[in-house]
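Notes to accompany the following structure.
The values are calculated or read from the model by the stated rules, or taken from the named source; none is laboratory data. Keep in mind the model is a prediction, meaning the values are calculated, not measured. A quick note on method: Cβ atoms are made from the backbone with ideal geometry, for glycine too, and the neighbour counts reach across all protein chains shown.
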Amino acid sequence: MNKLVHMALVATALVGIAACEDQPDPAFRDGILIGEVTFTPTDTNAGIHPSNVVLADEGNPFRNVEISLEGKFEIEANGSNAAAFYGWATVLARQPTGEHQFFAASNLAQMFQNREVDNRDLETVREMAIAAYQSVLDNFPNSVTFDESGTVSFPLAPPSYFGIVDLGGTPQGGWIEIQTADGQTTVVRID
């Protein structure tokens, strides 16, 4: 699996996310203009399981909001990467799953890659994204996400591994790349 496959997985999930939209104005979520939310790191553990510090972060517009299943996908589809990060990190703190961790990591990575944070915070956000992807590998190694039909699942360990590599990091914990019988590259953990 390479970066193109990683991006295809995220794009496939986002297509399904767009179908979940049910509010009249997707730019607003719980009175928050989600396209204009920005991110300034206040704690490098925010959005990285098992930390719950994001729930106390005053920059997090969702810290006092219950986010529904549809809501987290709506924020992902219509909000800034910062809003999506805060949404996923908030639900991760309340309901730890690999999917929540993966999408928090992906939005941190997008903020870094698109230079959506102050220059002095870029390296911090890159390191947070690496740590968030590593958390998928460490804490949720068998987690999956689903396509828009909800019936086809995709493992999250490979795109997390390659997300770390794409950010210039080195995956930890005995993960290695292997070729499958059909010639695809994936990852497995060697204990």
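Listed values, structure above:
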item: Residue in region 40-53 that is more than 13 Å from the chain's Cα centre (by Cα), part of a helix (DSSP H, G or I) and at pLDDT 95 or above present; result: yes
item: Residue check for Gly163: on the phi > 0 side of the Ramachandran plot and not charged (D, E, K, R); result: no
item: Residue in region 112-124 that is acidic (Asp, Glu), touching a residue at least 40 places away in the same chain (Cβ under 8 Å), more than 17 Å from Glu76 (Cβ to Cβ) and not in a helix (DSSP H, G or I) present; result: yes
item: Those residues of region 171-191 which are in contact with a helix residue (DSSP H, G or I) (Cβ under 7 Å, 6 or more places away or on another chain) and not aromatic (Phe, Trp, Tyr), in sequence order; result: Pro171, Gln172, Gly173, Thr186, Val187
item: Subset of region 77-96 (residues that are farther than 16 Å from Thr38 by Cβ and modelled with pLDDT under 95); result: Ala77
